[in-house]
Amino acid sequence: MNILFIADPLASFKIYKDTTFAMMREAQKRGHTVSACLQQDLMWQRGAAVMADVRDITLTGDAVNWFDETGTRPVALKDFGAVLMRKDPPFDSEYFYATHLLEQAERDGAKVFNKPRALRDHPEKLAIMEFPQFIGPTLVTRSAADIKRFHAEHQDIILKPLDGMGGTGIFRVRPDGMNLGSIIETLNKNGAESVMVQKFLPEIVKGDKRVLVIGGKPVPFSLARIPQGSEVRGNLAAGGLGVAQPLSKRDFEIAEALGPILAARGLLLAGIDVIGDCVTEINVTSPTCFQEIHDQMGFDVAAMFVDALEAALTA
């Protein structure tokens, strides 16, 4: 089977930790062939199938020059055994348009994972609204007055933009309310953009856990991303320390409740972020942490993912 990965530039991969690389490596190990393209390589013209300029690649096993490639060639997405959308956030207008091209490719007969409509329907911050039983006190608003009221009620809060990634744009405001007005103005652009506000969860000191769900089933280990020093963010991109650990009873409860629902909607892979006992985000664009869990716990997450991919294609 030939698998197409729509991803960021291959030269930008940090292969010692990159999840898309782990997927490629496992696919090639099983005898599948691997191709890659960028989101901007997608193209559609009336009367034809959705196409992409793709490169066929072979993983070399070398830590530096980690792949060999052919030149680009135009291929219809429907001609691949599977198409994996692994473009990193942000979920901007171009990503949105790409999901429509991928949905047209599905009409052509392509098998796309995660399903394009499901990507659009599950913005990573707002997807938690459907599951209030698993989240902490949360507010989504443009209103400065609403945010100040929420702060007065909960005292210690986190504010974040709806389109942020990797911990960017996250602020903590403590009971003294220091700089709250300025932070609101920065995030909501003077009322032009919505902001998510959540009660601060002190359990963050034990980590922001990434709980992976593959084919509706939980990976039995999470990666707890633990803030370092005076930092409030546990994101690895913000300097957090990643510590793999077995899922807690509550983690399993959350994953087993959400997993089948997400899978039924075409989300083969999702990353549920959990602080303490509360879900804070549901990541569906390009969830990570495969290699960290494998390296620390010995559990082969990439193998579980490719098992689920192969099963989905024969279902």
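The values are calculated or read from the model by the stated rules, or taken from the named source; none is laboratory data. Keep in mind the model is a prediction, meaning the values are calculated, not measured. All Cβ positions, glycine included, derive from the backbone under ideal geometry; neighbour counts span all protein chains shown.
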Mind listing just one residue for me: the one in segment 242-275 that is assigned to a loop (DSSP other than H, G, I, E, B) and of a type in the set (A, V, I, L, M) and, of those, farthest from Ile6 (Cα to Cα)?
Leu247
For Lys87, which of the numbered conditions (1) assigned to a helix (DSSP H, G or I); (2) basic (Lys, Arg); (3) in contact with a strand residue (DSSP E or B) (Cβ under 8 Å, 6 or more places away or on another chain) fails to hold?
(1)
Screening Phe67, Phe131, Phe150 for residues that are touching a strand residue (DSSP E or B) at 6+ places or on another chain (Cβ under 7 Å), closer than 20 Å to Ile272 by Cβ and touching a residue at least 24 places away in the same chain (Cβ under 8 Å) leaves only Phe131
For segment 276-303, give me the residue count where each residue is touching a helix residue (DSSP H, G or I) at 6+ places or on another chain (Cβ under 9 Å) and assigned to a helix (DSSP H, G or I).
8
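So that you can scan it fast, the table gives a plain yes or no per residue for (1) within 30 Å of Gly298 (Cα to Cα); (2) at pLDDT below 95; (3) among the polar types (S, T, N, Q):
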position: Gln155; (1), (2), (3): no, no, yes
position: Leu159; (1), (2), (3): no, no, no
position: Asn190; (1), (2), (3): no, yes, yes
position: Ser194; (1), (2), (3): no, no, yes
position: Phe200; (1), (2), (3): no, no, no
position: Pro220; (1), (2), (3): yes, no, no
position: Ile226; (1), (2), (3): yes, yes, no
With the condition kept exactly as written, say whether any residue in segment 108-115 is in a helix (DSSP H, G or I), farther than 21 Å from Lys160 by Cα and more than 18 Å from the chain's Cα centre (by Cα).
yes
Filter result for Thr72 (crowded, with 17+ Cβ neighbours inside 10 Å, farther than 28 Å from Gln228 by Cα and of a type in the set (S, T, N, Q)):
no
Can you tell me how many residues within segment 4-21 are among the aliphatic types (A, V, I, L, M), in contact with a helix residue (DSSP H, G or I) (Cβ under 7 Å, 6 or more places away or on another chain) and surrounded by fewer than 22 Cβ atoms within 10 Å (Cβ to Cβ)?
1
Can you tell me which of Gly181, Gly177 is touching a residue at least 24 places away in the same chain (Cβ under 8 Å), in a helix (DSSP H, G or I) and more than 23 Å from the chain's Cα centre (by Cα)?
Gly181
Would you point out which residue out of Gln45, Gln28 is touching a Leu at 6+ places or on another chain (Cβ under 7 Å) and free of Cβ contacts under 8 Å to residues at least 60 places away in the same chain?
Gln28
Checked Ala105, Ala52, Ala48 against criteria (surrounded by fewer than 17 Cβ atoms within 10 Å (Cβ to Cβ), of a type in the set (A, V, I, L, M, F, W, C) and over 19 Å from the mean Cα position of the chain (by Cα)); the one match is Ala48
Checking the conditions here, which among Asp56, Asp8, Asp62 is in a strand (DSSP E or B) and acidic (Asp, Glu)?
Asp56
Going through segment 124-153 in order, the residues found to be assigned to a loop (DSSP other than H, G, I, E, B) and modelled with pLDDT of 95 or more are Phe131, Ile135, Gly136, Pro137, Arg142, Ser143
Across segment 11-34, what is the total count of residues that are touching a strand residue (DSSP E or B) at 6+ places or on another chain (Cβ under 6 Å), within 20 Å of Gly71 (Cα to Cα) and part of a helix (DSSP H, G or I)?
2
Are any residues in segment 296-315 out of contact with any strand residue (DSSP E or B) (no Cβ under 8 Å at 6 or more places or on another chain), surrounded by fewer than 17 Cβ atoms within 10 Å (Cβ to Cβ) and farther than 25 Å from Gly109 by Cα, and if so, which ones?
Gly298, Asp300, Ala303
Could you say which residue among Ala237, Ala255, Ala192 is within 24 Å of Leu309 (Cα to Cα) and either crowded, with 18+ Cβ neighbours inside 10 Å or of a type outside the set (D, E, K, R) (or both)?
Ala255
In segment 216-232, residues that are buried (at least 18 other Cβ atoms within 10 Å of the Cβ) and part of a loop (DSSP other than H, G, I, E, B) total 3
